[in-house]
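See structure below.
Computed from the coordinates by the stated procedures, all read-outs in this text should not be read as laboratory data. This structure is a prediction, so every number in the text was calculated from the model and none was measured. Cβ sites come from the backbone with ideal geometry, for glycine too, and all protein chains shown count toward neighbours.
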Amino acid sequence: MAKLGRAERVAYIVKTLVERPGEIIPLSYFAQRLGVGKSSISEDLAAVKAALEAAGSGTLRTVPGAAGGVAYWPLPSPAEQEEVLERLCEMLSAPERILPGGFIFMTDLITSPAWTARIGEIFAAHFRPQRPTCVLTVETKGIPLALMTARALNVPMVVARREGRVTEGPQVTISYVTGSRGRIETLTVGIRSIPRAARVLIIDDFIKAGGTARGLVDLVRQFEGAEVVGIGVLIQTAQPERKRVEGYLSLLTLEEVDEERGRVQIRPSRSVEKE
């Protein structure tokens, strides 16, 4: 690579860090590619850190020592989180999103890389202090949100399936009762997917009564030493008020869907507002 000026170096460093969140990148990596000394890279990183923190768009963590380096954590500020959630409420409140039966169409949002990345970073900001070692979700709509959360935390994602897959090898399967319809369902995860003593973060797109979330919690308990360190959902329903799990974080609360009037009432959750 041709020798670059400081502005170009900073741009390259930011691009690299944003593409590899949570990964410790040695200073020598940048020094070799940019053709400057580590002292210059350290100065560039100080400028990047100051800019990111001033903008509320994350932070840099420096790890000292021969095997050390720098890692970027995309942890949006409370103001940035509020802006994202208000925008999501605005989009989800559009009358044309109402589906027969009082459902809301939101597939376009939870399959949008741009929006799921923002949502995943919000979950990461809330749950990083719990030090999760993997993110667990259930197929299928929770997968994009869980994947982006796992990316922001730099940990693996695990998918619980309704039916076992031979490609997963030996598996753990449990039965649980859905909270809303009272039906018996199954959840399956490969034995190798959740290691011993894992710290599991559960992420899903929607919670009504909490039966599926309860099933995921019970599934984690089947793995030796594993524990659930957090549960995050994009949307919860206001009713029933009492869910089958406690202590979860919801980003949005769906108050009402009025098909006749074409009205959706959805707001940022109080569980987010209190933090």
Take the eigenvalues of the Cα gyration tensor for segment 35-168, scale each by 5, and report the square roots as semi-axes in whole Å, largest first. 34, 22, 11
A student applying the Cα gyration tensor rule (rounded when a/c is under 1.5; otherwise prolate if a/b is larger than b/c, oblate if not) would label segment 6-74 oblate
For segment 161-270, go through all pairs of different Cα atoms, get the mean of 1/r, take its inverse, and jot down that Kirkwood value in Å. 15.3
Only bridges whose two residues both fall in the chain count here: according to DSSP, what percent of them are antiparallel, nearest 5? 55
Taking 7 Å along the Cα-to-C-beta vector as the label spot, tell me the Gln32-Ile184 distance in nanometres, rounded to one decimal. 5.8
On a full-extension model of 0.36 nm per residue, what is the gain between Arg61 and Glu227, subtracting their alpha-carbon distance, rounded to one decimal in nm? 57.1 nm
Per the rule of 0.36 nm per residue minus the C-alpha distance, extending Ala94 to Ala238 adds in nm 50.0 nm
Looking at segment 182-275 only, what percent of DSSP beta bridges run antiparallel? Nearest 5 please. 30
When the chain is modelled as a GNM with alpha-carbon springs shorter than 10 Å, which of Tyr248, Tyr12, Tyr72 fluctuates the most? Tyr12
Set the Förster radius R0 to 22 Å, insert the Cβ-Cβ distance between Glu43 and Ser77 as r into 1/(1 + (r/R0)^6), and round the FRET efficiency to 0.05. 0.35
Given labels modelled 7 Å from the Cα in the Cβ direction, how far is it in nm from Lys3 to Arg263? 6.8
Checked against the positive end of the charge dipole of the chain (+1 on Cβ of Lys and Arg, -1 on Cβ of Asp and Glu, about the Cα centre), the farthest of Ala150, Pro240, Pro170 is Pro170
Given H placed 1.01 Å from N in the peptide plane, which residues other than close sequence neighbours of Cys134 have an amide H under 5 Å from its amide H? Arg199, Leu201
Of Thr140, Thr212, Thr167, the most mobile residue in a GNM of the chain (C-alpha springs, cutoff 10 Å) is Thr167
